[in-house]
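Okay, structure first, notes after.
The values are calculated or read from the model by the stated rules, or taken from the named source; none is laboratory data. Worth saying up front: this structure is predicted, and the values here are computed from it rather than measured. Glycine gets a Cβ as well: all are built from the backbone with ideal geometry, and neighbour counts include every protein chain shown. All accessible areas refer to the heavy atoms of the entire protein, side chains included, with ligands and DNA or RNA removed. Shrake-Rupley method; radii C 1.70, N 1.55, O 1.52, S 1.80 Å.
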Amino acid sequence: VLPGDWDALILEIGGAANRLKAAGVDRNFLHMKLAPEEAWFTEPALLQIAEQRFRLAGRFCRAANLRGIALDTQSDSLIYDYLWDGYGPDSSPKSLSTGARGFGTRVLRAFIRECPDGEILLCSGTPSLAGPLWFDLLEGAENAPGAAEDVRVSLVLRDTGDLRDAGFYQSCPDRITRLLGRHASRGRGEKGRRSLDVVFSFEPVYYEGDIPTTRYALEEYREALYAAALYGGTY
């Protein structure tokens with residue numbers, strides 16, 4: 001079921017995207033959150049709801065001429081913990097891991113079917129602080145494109161670490177790959193895994209009301225930006 005303001009939203013967002021493109025910002029994404037905290041990985045009815053939402057997201061991106069989705073995975077959410085109260089007492093770690101992987105694959109495939117040329121950005125906080133099911137979700141997301149090699153899936157890290165640590169940007173992609181590998185499902189191995197782009201995210205300015213305030217010293221930010229461009233992924 002389409003929202004009542006569907007056509008108006010497409011006109012509004014599509015027009016905004018066109019104005020941004022005219023200003024040189026030509027890759028714009030639909031921002032989504034994996035929320036609220038629900039048993040997405042264990043309840044078939046919730047999985048169907050999520051798939052429908054991602055199908056609508058794909059249709060919206062195509063209609064509004066957006067580049068793809070930027071999905072906030074809410075990596076610090078309790079749903080990634082085996083012991084979260086929202087899971088039933090009969091939910092085993094194995095079944096939860098399988099459910100999280102399947103969820104990541106199915107919802108993103110629902111998006112890809114509607115927007116086959118789109119890109120997928122998976123936004124995250126510090127991966128080392130995420131619960132184990134978050135890594136299963138990411139594994140499912142990696143598998144979502146299947147043989148569609150043109151579909152790009154990137155991991156966007158909001159926590160970029162110490163801007164003064166130049167080695168962070170060089171070592172981070174390999175460290176993330178090892179971290180994901182350690183959490184890979186038993187018996188599946190690493191052969192055939194798609195590699196995720198690791199993208200660094202900066203917020204150089206924050207606002208108090210409508211007053212902008214800088215967060216980083218300019219020289220530190222400039223050096224970090226160059227390092228991120230050199231060692232990070234597409235963006």
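Considering each of 114, 139 in turn, give the residue that is closer than 22 Å to residue 57 by Cβ, modelled with pLDDT under 95 and not aromatic (Phe, Trp, Tyr).
139
How about the stretch 41-94: which of its residues are within 24 Å of residue 116 (Cα to Cα) and part of a loop (DSSP other than H, G, I, E, B)? Hits for the stretch 41-94 are 65, 66, 67, 73. On inspection, residue 127 qualifies as over 14 Å from residue 141 (Cα atoms), in contact (Cβ under 8 Å) with a residue 24 or more places away in the chain, crowded, with 17+ Cβ neighbours inside 10 Å and not acidic (Asp, Glu).
Please find, within the stretch 204-235, the residue that is least open to solvent (accessible area, probe 1.4 Å) out of those that are of a type in the set (S, T, N, Q) and over 22 Å from the mean Cα position of the chain (by Cα).
Just the residues of the stretch 204-235 that are of a type in the set (S, T, N, Q), to begin with: 213-214, 234.
From what is left, the residues that are over 22 Å from the mean Cα position of the chain (by Cα) are 213-214.
Details: 213: 43, 214: 105 Å².
Here the answer is 213.
Only one of 75, 97 is hydroxyl-bearing (Ser, Thr, Tyr) and out of contact with any strand residue (DSSP E or B) (no Cβ under 7 Å at 6 or more places or on another chain); which? Working first, answer last.
Values: 75 fails: out of contact with any strand residue (DSSP E or B) (no Cβ under 7 Å at 6 or more places or on another chain).
Going through 75, 97 in turn, the sole match is 97.
Of the residues 158, 106, 164, 55, the single one that is more than 30 Å from residue 10 (Cβ to Cβ) and among the basic types (Lys, Arg) is 164. Quickly run through the stretch 132-151 and pick out the residues that are open to solvent by 20 Å² or more (accessible area, probe 1.4 Å) and in contact (Cβ under 8 Å) with a residue 40 or more places away in the chain. Matches in the stretch 132-151: 132, 143.
Taking the criterion of being in a helix (DSSP H, G or I), surrounded by 12 or more Cβ atoms within 10 Å (Cβ to Cβ) and not charged (D, E, K, R), the residues of the stretch 16-35 that qualify are 16, 17, 18, 20.
Residues in the stretch 61-68: is at least one at negative phi, open to solvent by 10 Å² or more (accessible area, probe 1.4 Å) and either under 17 Å from the mean Cα position of the chain (by Cα) or modelled with pLDDT under 95 (or both)? The answer is yes; a qualifying residue exists.
State whether one or more residues within the stretch 39-52 are more than 21 Å from the chain's Cα centre (by Cα) and surrounded by fewer than 13 Cβ atoms within 10 Å (Cβ to Cβ). Talk me through it step by step, then tell me what you get.
Going through the stretch 39-52, the residues more than 21 Å from the chain's Cα centre (by Cα) turn out to be 43-45.
Pick out the ones that are also surrounded by fewer than 13 Cβ atoms within 10 Å (Cβ to Cβ) and you get 44-45.
Checked the stretch 39-52: at least one residue is more than 21 Å from the chain's Cα centre (by Cα) and surrounded by fewer than 13 Cβ atoms within 10 Å (Cβ to Cβ).
Here are some residues: 180, 121, 108. Which one is under 25 Å from residue 57 (Cβ atoms), open to solvent by less than 10 Å² (accessible area, probe 1.4 Å) and either assigned to a helix (DSSP H, G or I) or not β-branched (Val, Ile, Thr) (or both)? Working first, answer last.
Numbers: 180 fails: open to solvent by less than 10 Å² (accessible area, probe 1.4 Å); 121 fails: open to solvent by less than 10 Å² (accessible area, probe 1.4 Å).
It is 108.
Which members of the stretch 144-162 meet the condition of being part of a loop (DSSP other than H, G, I, E, B) and at pLDDT 80 or above? Across the stretch 144-162, the qualifying residues are 144, 145, 146, 150, 151, 152, 158.
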